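The values are calculated or read from the model by the stated rules, or taken from the named source; none is laboratory data. Quick caveat, the model's predicted, so the values are computed rather than measured. Cβ sites come from the backbone with ideal geometry, for glycine too, and all protein chains shown count toward neighbours.
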Amino acid sequence: MENRIADTAPVTEAGLFARLEALGVAYTLHRHPPAFTLPEAQALRGTLPGGHVKNLFLRDKKKNIWLVTVLEERPVNLKALRHALAARGNLSFGSPELLMEKLGLTPGSVTPFGIINDRDGAVSVILDKDVLAQDPVNAHPLRNDMTIALAPAGLMRFLAAEGHEPSVIDFGALAVSSE
């Protein structure tokens, strides 16, 4: 029974750091007070260089699940995104319980690195193409009191190694096409 519990426990930031190191993905770790909202994160990070992301944990009425990572200043039109994803019905935010079940995360800590806990491959990763133009990319490492900065190629290497090749979408064009 203890092995089963250990096998299903979410990977923590220490496990994530070990995974990144095993993949040869260089990163820089920044510690800060917990940030639960985008404005809090912006105030806490100061002049940390690079692109900063926001992450949306979404689902549709057929229980399809997406983890969407976009530049933090990017508006996201859920109606246009619904059509781009061929979602069934409207997109809505996944519940805190579903977020914990699928990615081992709590609200305020959503990150593309949560995919390390998607053991059943239920979550599709969607990435704003402009994130890949940032160097470094800054995101939480499974908790909201740290930020890691890494090259976009490192993020892509991690996602691929976890079996989650992202669908890359031009969110800039998506916003324009929906107006």
Q: Scan the stretch 12-49 for residues that are assigned to a loop (DSSP other than H, G, I, E, B) and under 25 Å from L81 (Cα atoms) and report the count.
A: 2
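Quick check, is E101 acidic (D, E), out of contact with any strand residue (DSSP E or B) (no Cβ under 7 Å at 6 or more places or on another chain) and closer than 20 Å to I116 by Cα?
Values: acidic (D, E): yes; out of contact with any strand residue (DSSP E or B) (no Cβ under 7 Å at 6 or more places or on another chain): yes; closer than 20 Å to I116 by Cα: yes.
Considered against the rule, which asks whether it is acidic (D, E), out of contact with any strand residue (DSSP E or B) (no Cβ under 7 Å at 6 or more places or on another chain) and closer than 20 Å to I116 by Cα, E101 comes out as yes.
If you check A26, A86, which single one turns out to be modelled with pLDDT of 90 or more and in contact with a strand residue (DSSP E or B) (Cβ under 7 Å, 6 or more places away or on another chain)?
So the residue among A26, A86 that is modelled with pLDDT of 90 or more and in contact with a strand residue (DSSP E or B) (Cβ under 7 Å, 6 or more places away or on another chain) is A26.
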Q) What are the residues in the stretch 105-126 that are closer than 20 Å to I169 by Cβ and buried (at least 19 other Cβ atoms within 10 Å of the Cβ), if any? A) V110, T111, P112, F113, G114, I115, D118, V123, V125, I126
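Restricting the search to the stretch 49-71, which residues are closer than 19 Å to A151 by Cβ and buried (at least 16 other Cβ atoms within 10 Å of the Cβ)? Write out each step before concluding.
At the first step, the residues of the stretch 49-71 found to be closer than 19 Å to A151 by Cβ are 49-53, 55, 69-71.
Listed by number, the residues that qualify are G50, G51, H52, V53, N55, T69, V70, L71.
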Q) When you scan the stretch 69-99, how many residues do you find that are under 29 Å from F17 (Cβ atoms) and free of Cβ contacts under 8 Å to residues at least 60 places away in the same chain? A) 9
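Before we move on, is A173 free of Cβ contacts under 8 Å to residues at least 40 places away in the same chain, surrounded by fewer than 17 Cβ atoms within 10 Å (Cβ to Cβ) and farther than 30 Å from H32 by Cα?
Numbers: free of Cβ contacts under 8 Å to residues at least 40 places away in the same chain: yes; surrounded by fewer than 17 Cβ atoms within 10 Å (Cβ to Cβ): yes; farther than 30 Å from H32 by Cα: yes.
Yes: the conditions hold for A173.
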